[in-house]
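Novice: Handing you this structure, nothing more for now.
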Amino acid sequence: MRYLPLTDADRQSMLAKIGVSKIDDLFVDVPSDKLLNELVDLPLTSGEMEVDRALRVLAEKNVVAGSVPFFVGGGAYRHHIPATVDHLIQRSEFLTAYTPYQPEISQGTLQSLFEFQTQVALLTGMEVANASMYDGSTGAAEAVLMAHRLTKRNKAVISGGLHPQYRAVIENLSGYSGHDLECLPGDPYSREDIISRIDGDTACVLVQTPGFYGHLTDLEPIAEAAHATGALLVAVVTETVSFGALKSPGEMGADIVVAEGQSIGNGLNFGGPYVGLFATRQKYVRQMPGRLCGETVDADGKRCFALTLSTREQHIRREKATSNICTNSGLCCLAFTIHMSLLGEAGLRKLAKLNHRNAVRLAEKLDAIDGVDVITPHFFNEFTIRVPGSAADIIEKLAAKGVLGGIPVSRLEPGQPNLENLIVVAATEVNNDADRDAYADALTEVLS
Amino acid sequence: MNREGRPTAPIMPVEHNDHPTFTGNRGLQIEEPLLFEIGRPEVSGVDLEEPGEFAGHLDGLERDRDIGLPGLSEPETMRHYVRLSQKNYAIDMGIYPLGSCTMKHNPRLNEKMARLPGFGDIHPLQPQSTVPGAIELIDKLAHWLKVLTGMPAVAMSPKAGAHGELCGMMAISAALKARGENRTIVLVPESAHGTNPATAAAIGYKIRSIPARDDGTVDPAVVQENLSSDVAAIMLTNPNTCGLFEREVVEIAEAVHEAGAYFYCDGANFTAIVGKAKPGDLGVDCMHINLHKTFSTPHGGGGPGAGPVVFSEALMPFVPLPYIVTNDDGSRRIIETSTQATNQSGEGSQSLGRMTAFHGQMGMFVRALTYMMSHGADGMRQASEDAVLNANYVRVCLNDLMSAAFDEGPCMHEALFDDTFLKGTGVTTLDFAKAMIDEGYHPMTMYFPLVVHGAMLIEPTESESKASLDLFIATMRDLAMGARNGDVERFSGAPHHTPVKRVDETRAARSPVLRWTPPLSEAAE
């Protein structure tokens, strides 16, 4: 078998050296009635060609985002990723390296993590960032736990503009850790008054901006109100490109910023692997979950990098760790940092402006259709439309016409009649006039 | 038991003045500054159309100050990262004998398949009717995992091993709650990986530590003593972190179940028994599987991984969202919300909730399934046998000069040594590891598990040829002899030949610098 270098002659020679006659002599600790005598009931070994063929059959059954007019967002966005990014992350030295626990032979990984952490801190407007979480949703749940630890208070207030699946992840983790959650109802019209829910028992307020429905929120008044009672503000951002156009959460007073980094460097991949960005103030760094890369020197006094502050982490602190996280999103961080280096300040600002422009153009087109209303007056690259009838049906019909038009809110928030006619629509730099026209035409037909 | 973990004390600086160069470069080893020292804000390696003027809808929340990001052109970007890459060790370069990490070869077919547009360029929330092949792939991988483990259900969504541990423990907690019970204690062997107690504590359990007996395994009698109606579960790694199969695992499982508790199995070492034994036959209630260990998905410098969790009948109803069901016509759909889940019976009917947004690590699913289909039932069994053979070969070839911690019988896929053989030499486990680096090897796992002093856990994996192992063994023997012969300089000054010398990790922690900041002179301008 092509992945196994040992020959039968090797195996015999090695067994002899060990002093046993057969391989099962090395499995002697497995209870004999549990050691399998037969192969498991699965197909036998296959050559590359056969595996390739079998998997292509599965791949070809799916509608590829890049092959149709595509407007699906909801926490994962289709952007153009420069060819350089995927090429570089496939270098052996990056792809097949381990966690950089031996810094002398991991400076490639470590320096790129240090650069990544700096970029994330700059983008979020915060003082320090970690070397990633699994994704935005688990990062948000960890941020809530961190706020509980820092304030020693029991309640987290969660905005109705938070992605429903993120809310579910927080509800799940908080439920098991015994903390209270106040989750405001889904807020497509951005009418909630979250400030009135903050009190002396609040550990944190969590707000997503741009919100799940697309709304932009000025975090400053919320930050002020939270700080006045000693609570923290956790800001969640699911579209990293928005940092290129909007005031950073840090500037607006956030204490912890969690973001989904997928938009930069990482393709859609049907939901994973993604990369969670996590940033906070310097004074909170010892309560931060996840790995941290720090600068130091070597024995010659040369600048170098190493994982640090590991006393927060599971392998040192065990049950007192700030989180149980071990493996994070290493290669996805590298993809992020390479793409962000290629973009730079000028490129990111331009990319963000393009995204916003394309969303504005699409919104104008869709709003002009009879029966369709854009209900989000202020947005970045995602907004919500109200349609006459079942949004879920309309999305299926659009798909049948070859247009992937967005996410029916009812898919993520079932059983709520007031949300059944809403669709969340995303627009990025990958859409052109022909795509937007195709969407408008298809929607008009479906509604007629 | 060693409670200190690894020492991080700095050592005396050593001078390296042989043939200095103007650039500081040494042949192919090129010194590479930080991105922030070479990039410029006005440069970009991406060409984008001009947005033009238009009326924006940003409601006064526009960014009004620079982010401070540097940019690089495409050629500068290539050079920066290629130069950085040359400072990394990798599996593609040589053996990576990290015990517990299973650094086997990462097949490139995995990468090719994961990049097929039909897998890579699909959105988790596009209509399910447009992605039947993706759903089928996840279900197919789930089937392979269930057959290999002999378990009836599997949660595919956890994003890494530790996340899988969280999922399994949440399911146990949910199951107890459904029985109307509130148990507060989890039993964890002291040899366990740190994620085990960290996970249990994260959801509010108290940890009770179970000592290892002299042969490195867990004593069922000790487990029995510690069981009570307040114990929710035991978290047992099998094969364990000493590289040994827990031969009384069935007895332990029976005792745990008798006491009304559950058996969480940490499957990090599953690579030793794939195709040889089924955790489901051993009494396991749930077990996470590290796709990035056992099933060859690449480690990528620290991730991404994937940690699907297999479940027993008892825990099946509590599987998290999302999970896949088969419709009457044979098609499949993903159950995504608790509203949908409560309409089901059997698997997931009392779903514990959601572990993550979207569906899980699809990119890793494609890679793992590619590997599994390539090996097949016979290949996977052979791989496990070769992994165990290689580890025992290393153990037997080193145990005269180095001190194997448990040498009464065979080990599984990894061999544990301690620092007894270094006593009186002035060389520590850490020094020994750094000297291995000079020889062109990534060190083995150090100072883990905590149950022996100065632990060295060696896992060669099945990807090593006999020739590669023979050279590794010869090198380790030479190092062991060197330590005994008092050649301290070879060790205390190591590594001598790497892009950077021994790194001062104490200083990194004492005065943490976690990001680049512009130097004072620049900031003042």
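Read the figures in this text as sums done on the coordinates, not as results from a lab. Source: prediction; values computed, not measured. Reconstructed Cβ throughout: ideal geometry from the backbone, glycine too, with neighbour counts over all protein chains shown.
Novice: Report the gain in length on full extension from residue A:283 to residue A:303: 0.36 nm times residue separation, minus Cα-Cα distance, nm rounded to one decimal.
Specialist: My answer for the length gained is 4.8 nm.
Novice: Still on this structure, I have one more. Can you work out the PRE-style zone for residue A:56? Point 7 Å along Cα to Cβ, and I want the residues of the range B:365-386 with backbone N under 20 Å.
Specialist: Only B:366-375 fall inside the zone, counting backbone N under 20 Å.
Novice: Could I ask something else about it? Label residue A:195 and residue B:332 with points 7 Å out from Cα along Cα→Cβ: what is the distance between them in nm?
Specialist: 5.0
Novice: Hey, another quick one. So between residue B:31 and residue B:349, what do we pick up on full extension, going 0.36 nm a residue minus the alpha carbon distance?
Specialist: The span from residue B:31 to residue B:349 would gain 108.7 nm if fully extended.
Novice: If neighbour count is taken as other Cβ atoms inside 10 Å, put A:386, B:179 in order from fewest to most.
Specialist: Final ranking by Cβ density, sparse to dense: B:179, A:386.
Novice: Considering the dipole of the protein assembly as shown built from charges on the beta carbon (Lys and Arg +1, Asp and Glu -1) around the Cα centre, which of A:359, B:34, B:346 is farthest to its positive end?
Specialist: Farthest towards the positive pole: B:34.
Novice: Another one. Can you compute the FRET efficiency between residue A:16 and residue B:378 using 1/(1 + (r/R0)^6), with r the Cβ-Cβ distance and R0 = 25 Å? Round to the nearest 0.05.
Specialist: 0.60
Novice: While we're on this one: Which ³J(HN,Hα) values, rounded to whole Hz and listed in residue order, are derived for the range B:321-336 from phi using the Karplus coefficients 6.51, -1.76 and 1.60 in 6.51 cos²θ - 1.76 cosθ + 1.60 with θ = phi - 60°, glycine and proline given as x?
Specialist: Whole-Hz 3J(HN,Hα) from phi for the range B:321-336: 7, x, 9, 9, 10, 9, 6, 4, 7, x, 6, 10, 9, 9, 7, 10.
Novice: Follow-up question, since we're still on this one. Can you pull out the GluC sites (Glu not before Pro) in the range B:391-468 whose DSSP state is coil and whose Cβ has at most 13 other Cβ atoms within 10 Å?
Specialist: Taking the range B:391-468 and a limit of 13 other Cβ atoms within 10 Å, the loop GluC sites (Glu not before Pro) found are B:408.
Novice: In terms of modelled amide H atoms, which long-range or inter-chain residues lie less than 5 Å from the amide H of residue A:183?
Specialist: A:158
Novice: Neighbouring Cβ atoms within 10 Å as the yardstick, rank B:452, A:446 fewest first.
Specialist: So the residues, fewest neighbours to most, are A:446, B:452.
Novice: I'd like the Karplus ³J(HN,Hα) series for the range B:135-144: coefficients 6.51, -1.76, 1.60, θ = phi - 60°, whole numbers in Hz, and an x wherever there's a Gly or Pro.
Specialist: 5, 5, 4, 4, 5, 5, 4, 4, 4, 4
Novice: OK, next. For the range B:292-354 and the range B:253-284, write down the distance between their C-alpha centroids in whole Å.
Specialist: A separation of 19 Å, based on Cα centres.
Novice: Determine ³J(HN,Hα), in whole Hz, for all residues of the range A:201-208 in sequence, where each value follows from phi through the Karplus function 6.51 cos²θ - 1.76 cosθ + 1.60 and θ = phi - 60°; x replaces Gly and Pro.
Specialist: With the stated coefficients, the range A:201-208 comes to 9, 7, 7, 7, 10, 10, 10, 9 Hz.
Novice: Would you work out which of A:203, A:174, A:222 lies farthest towards the positive end of the dipole of the range A:113-235, given +1 charges on the beta-carbon of Lys and Arg and -1 on that of Asp and Glu, about the Cα centre?
Specialist: Most positive-ward Cα: A:174.
Novice: Extending each Cα 7 Å along its Cβ direction at residue B:182 and residue B:496, get the distance between those two points in nm, one decimal.
Specialist: 6.4
Novice: Suppose we keep just the DSSP beta bridges with both residues in chain B; what percent of those would be antiparallel, to 5?
Specialist: Restricted to chain B, the bridges split so that about 55 percent are antiparallel.
Novice: Quick one: Cα centre-to-centre distance for the range B:401-465 and the range A:307-364, in angstrom?
Specialist: Measuring centre to centre over Cα atoms gives 36 Å.
Novice: Quickly work out the residue B:213-to-residue A:24 label distance, labels modelled 7 Å from Cα along the C-beta direction, and quote it in nm with one decimal.
Specialist: 2.6
Novice: Set Lys and Arg Cβ to +1 and Asp and Glu Cβ to -1, take the dipole of the protein assembly as shown about its Cα centre, and tell me which of B:335, B:124, B:294 lies farthest positive.
Specialist: Going by the charge dipole, the pick is B:294.
Novice: Say R0 is 41 Å: what FRET efficiency, to the nearest 0.05, do residue B:108 and residue A:33 get from their beta-carbon distance?
Specialist: The pair residue B:108/residue A:33 has a calculated efficiency of 0.55.
Novice: Can I ask one more? In what order do A:92, B:312, B:331, A:329 fall by count of nearby beta-carbon atoms within 10 Å, going from fewest to most?
Specialist: B:331, A:92, B:312, A:329
Novice: Residues with amide H under 5 Å of residue B:210's amide H, sequence separation 5 or more or different chain, H placed in the peptide plane at 1.01 Å from N; which?
Specialist: Amide H neighbours of residue B:210: B:188, B:190.
Novice: With an 8 Å Cα cut-off and a minimum separation of 6 or more residues, compute the relative contact order for the range A:325-440 in percent.
Specialist: Relative contact order of the range A:325-440: 25 percent.
Novice: To check you understand DSSP bridge types, tell me what percent of the beta bridges within the protein assembly as shown (both residues inside) are antiparallel, rounded to 5.
Specialist: Of the beta bridges lying entirely in the protein assembly as shown, close to 55 percent run antiparallel.
Novice: Which of rounded, prolate, oblate describes chain B, given a ≥ b ≥ c as roots of the alpha-carbon gyration tensor eigenvalues and a/c under 1.5 marking rounded, otherwise prolate only if a/b is larger than b/c?
Specialist: oblate
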